[in-house]
Amino acid sequence: KLEIFNTVAMEGSFSKAAGRLRLTQPAVSQHVRDLEGTLAKTLFERTSRGVKLTAAGEILLDYTRCILRLVTEAEQALSSLDRLEQGNIAIGATPSASVYLLPGWIQDFHQRFPGLGILLRTDTTPNISADILSGKLDLGFVEGEVPADARVNTLALQEIELFVVVGPGHR
């Protein structure tokens, strides 16, 4: 409805907007009436020569253009996820994660994004957390407690049981 409203405002006419949108003129009029009903405001002054925005229409048009611009940006950001073609991602991992978990994950990643390289560094959990905060690493895979910091987002990926194995005479 906002796209239709924007087009009517740009064209200054329901008929011209309908042609541009490839809709019928009654359909365009109905969408605008629905929007006006929802907002309880008249958005256009209708004349025999076309339409002119009311004060409410002017305000809505400013917001509509911002909203449509944000929608376009969001669509572009989401589609760029699937078009990652080149570059590197810097990953830090603790020894257990780098040996037991990452090989399969990295293989799957390379199949989806063959043009991206992965720079992997093995280190301790506190050092990986610090390097993420400083921007040296893009992502970290760690086990154990992560130092509390509101600037770091964490997500538990897998529960792993670790066992200590000792000989029968060990105290």
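The values are calculated or read from the model by the stated rules, or taken from the named source; none is laboratory data. Model, not experiment: these values are computed from the prediction. Don't worry about glycine lacking a Cβ; one is built from the backbone with ideal geometry, like all the others, and counts go over all protein chains shown. Note: accessible area is taken over every heavy atom of the protein model, side chains too, but ligands, DNA and RNA are not part of it. Shrake-Rupley method; radii C 1.70, N 1.55, O 1.52, S 1.80 Å.
Being on the phi < 0 side of the Ramachandran plot, at pLDDT 95 or above and exposed (fewer than 14 other Cβ atoms within 10 Å of the Cβ) is a property that residue 73 lacks.
Inspect segment 85-96 for any residue being of a type outside the set (A, V, I, L, M), within 18 Å of residue 156 (Cβ to Cβ), open to solvent by 20 Å² or more (accessible area, probe 1.4 Å) and at pLDDT below 90 and give the result as yes or no. Yes: segment 85-96 contains one or more residues that are of a type outside the set (A, V, I, L, M), within 18 Å of residue 156 (Cβ to Cβ), open to solvent by 20 Å² or more (accessible area, probe 1.4 Å) and at pLDDT below 90. The residue pairs whose first member lies in segment 1-20 and is over 14 Å from residue 58 (Cβ atoms), whose second member is of a type in the set (Asp, Glu) and assigned to a helix (DSSP H, G or I), and whose beta carbons are closer than 6 Å, counting only pairs six or more residues apart or on different chains, are 17/11. Please specify each residue of segment 157-170 satisfying the condition of being open to solvent by less than 100 Å² (accessible area, probe 1.4 Å) and at pLDDT 90 or above. If the condition is that a residue be open to solvent by less than 100 Å² (accessible area, probe 1.4 Å) and at pLDDT 90 or above, then 166, 167, 169 are the ones that fit. For residue 154, the conditions (1) assigned to a loop (DSSP other than H, G, I, E, B); (2) surrounded by 13 or more Cβ atoms within 10 Å (Cβ to Cβ) are fulfilled apart from (2).
Filtered by the rule that a residue be in contact with a helix residue (DSSP H, G or I) (Cβ under 6 Å, 6 or more places away or on another chain) and either open to solvent by 100 Å² or more (accessible area, probe 1.4 Å) or aliphatic (A, V, I, L, M) (or both), segment 138-150 gives 142, 146.
Do we have any residue at all in segment 124-135 that's crowded, with 17+ Cβ neighbours inside 10 Å and among the acidic types (Asp, Glu)? Yes, segment 124-135 has at least one match. Checked against the criterion of being under 30 Å from residue 7 (Cβ atoms), open to solvent by less than 80 Å² (accessible area, probe 1.4 Å) and in contact (Cβ under 8 Å) with a residue 12 or more places away in the chain, the candidates 118, 67 yield just one match: 67.
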